[in-house]
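S.K.: Below is one structure. I have some questions about it.
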Amino acid sequence: GSNYIIPVIARDGIGRIYVLYDKGGRHFTRFDAEGNEDAGFETAINAVLPSTTGIEAITVDAKTNRIFVVDGAKHVYAVTETSHNTFTRSDKFQLTTLQDIETSDDITAMAAYNGELFLTVRRDRHPPVPKPNKLFACTAALSGTTLTLTEKGAAELDELRTSAVMNVPTECTGLFADASGVYCLLREQRLDGGTLYMVGALVCYSRNDNTVTYLKKHPK
């Protein structure tokens, strides 16, 4: 369906797998390290999220096990599990308050590690000033129920093709973060004459507070 999402998968620090997917509606569930579904998770987490939330992206901080959720209105929520399937939720944070994220942008992937949140956006590419798709890095601070994101850096996603005929916007379909860096799975595809052309790449960005550009792509 036109509103269906590509399944999103994240993992926490004890090996549990979180899955956001569409099947007769949108579902958010998780499995333990042995592959057993946590039957009470979906009901419990939905109970703390606003009823109007159409979840578009999720990730889990593998260092803190905090869950981050983004809805279609570009609101970010931090969800903390205080005991098994007992959750508290932060107030919403509006992503468009960050510099250079607009209401027309789509969040295509997220990752989190040790209090930092990373996300990629698909930009409005229409003229007269098409903007490149980007990766953003933010600190995610939670004080009581107040979630505050502070942008630390951003990086433009490289175009995988430069041909004027075949070039279409490159987007990130998956992110993973750990202590070493941020790993970005890139995809570029075009349907031409009934044939689907696709290329992909995996790009790693390092993070260093002593650099001017906080996100720095590793050489190929």
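Laboratory data are not the source of any read-out in this text; all were calculated from the coordinates shown. For clarity, every value in this text was computed on a predicted model and none was experimentally measured. A quick note on method: Cβ atoms are made from the backbone with ideal geometry, for glycine too, and the neighbour counts reach across all protein chains shown.
S.K.: Calculate, in nm to one decimal, what Thr96 and Thr29 gain on full extension: separation in residues at 0.36 nm each, minus their alpha carbon distance.
M.R.: Values: separation 67, 0.36 × 67 = 24.12 nm, distance 2.75 nm.
21.4 nm is the gain from fully extending Thr96 to Thr29.
S.K.: Would you list which aspartates and glutamates come within 16 Å of Lys92, measuring only between C-alpha atoms, while excluding same-chain residues fewer than 8 positions from it?
M.R.: Output for Lys92: Glu56, Asp71.
S.K.: With labels modelled as points extended 7 Å from the Cα through the Cβ direction, what inter-label distance (nm, one decimal) is found for Ala73 paired with Val168?
M.R.: Each label point is offset 7 Å from its Cα along the Cβ direction, giving 3.2 nm.
S.K.: Quick one: length gained pulling Asp124 to Thr146 fully straight, 0.36 nm per residue minus the C-alpha distance?
M.R.: Extra length from Asp124 to Thr146 when fully extended: 4.9 nm.
S.K.: Sticking with this one: Spelling out what I want: for every residue of the stretch 95-104, take phi, set θ = phi - 60°, compute 6.51 cos²θ - 1.76 cosθ + 1.60 (Karplus), and round to whole Hz; glycine and proline get x.
M.R.: Karplus values, whole Hz, x for Gly and Pro: 4, 6, 6, 6, 5, 6, 10, 10, 5, 7.
S.K.: For Thr170, which sequence-distant residues (separation of 5 or more, or a different chain) have an amide H within less than 5 Å of its own amide H, given hydrogens modelled in the peptide plane?
M.R.: Long-range HN contacts for Thr170: Leu160.
S.K.: Starting from the Cα-Cα distance between Lys216 and Leu202, subtract it from 0.36 nm times their residue separation and give me the gain in nm to one decimal.
M.R.: 3.6 nm
S.K.: How big is the charge dipole of the chain about its Cα centre, in debye rounded to the nearest 20, if each Lys and Arg gets +1 on its Cβ and each Asp and Glu gets -1 on its Cβ?
M.R.: On the way: 23 positive and 27 negative charges, 79 e Å.
In total the dipole reaches around 380 debye.
S.K.: Would you please put 136-149, 182-195 in order of how densely packed they are, using the mean number of other Cβ atoms within 10 angstrom per residue and starting with the highest? Before the final figure, lay out the partial values.
M.R.: Numbers: 136-149: 16.0, 182-195: 14.5.
For the peptides 136-149, 182-195, the packing ranking is 136-149, 182-195.
S.K.: May I pose another question? Is it possible to state the helix-based mean residue ellipticity at 222 nm for the chain, with each DSSP H run of 4+ residues giving -39500 (n - 2.57), the sum divided by total residues, to the nearest 500 deg cm²/dmol? What is it?
M.R.: Calculated mean residue ellipticity at 222 nm is -1000 deg cm²/dmol.
S.K.: Under 23 Å between alpha carbons, and skipping anything fewer than 8 positions from Lys216 in its own chain: which lysines qualify?
M.R.: Lys63, Lys131, Lys134, Lys152
S.K.: Hey, how many Å between the Cα centroid of the stretch 77-124 and the Cα centroid of the stretch 137-186?
M.R.: Cα centres, the stretch 77-124 to the stretch 137-186: 12 Å.
S.K.: Follow-up. Calculate the FRET efficiency for Arg187 and Ala47 from the Cβ-Cβ distance with a Förster distance of 35 Å, rounded to the nearest 0.05.
M.R.: With R0 = 35 Å, the Cβ-Cβ based efficiency is 0.50.
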